[in-house]
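Take a look at the structure set out below.
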Amino acid sequence: MIQALWALPAALFAAALPALGADPPPPPPATAPLFSLVQVVLALLLVLAAIGAFAWLVRRISPGYGTAGGLRVVGGVMVGPRERLVVVEVGDTWLLLGVASGGVSLVHSMARPPQAAGAGAAQGAQFSRLLGQMLKQRGRADR
């Protein structure tokens, strides 16, 4: 009986013995990790290209997204920590806008001065002069 109990493990061991002595499977080639890395990088580039194409498409299709249309900011000045006055040119009209955390409001509108066609420091000086005049007028009107 004891011999019968030993017969079963011995038979199992004998059956597994050729498998233990068999040659191990060959290792994967050294280029396998490199190939996997290339696949991951190409997939990442494909996803980034798709995101860029989608952003470009949204900018092209959405109205008012991207270009400013006929608007041009002529200049601006800070009048408080979160408030500023901005002159925006729309066609032949200049709009003086008050921009604050609560919103944007029209302060004054006027025709574009003829000498405003030139750009640079002259335009900035003219803006400062016009803004000073408008602030003086507004100060008199508030009293």
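The values are calculated or read from the model by the stated rules, or taken from the named source; none is laboratory data. Note that the coordinates shown come from a computational prediction; the quantities given were computed from them, not determined experimentally. Don't worry about glycine lacking a Cβ; one is built from the backbone with ideal geometry, like all the others, and counts go over all protein chains shown.
Is one or more of the residues making up region 132-143 loosely packed, with under 10 Cβ neighbours inside 10 Å, modelled with pLDDT under 80 and within 16 Å of VAL87 (Cα to Cα)? Checked region 132-143: no residue is loosely packed, with under 10 Cβ neighbours inside 10 Å, modelled with pLDDT under 80 and within 16 Å of VAL87 (Cα to Cα). Selection of region 51-78 for residues being modelled with pLDDT of 85 or more and in the same structural domain as VAL104 (by TED's automatic domain parsing) yields GLY76, VAL77, MET78.
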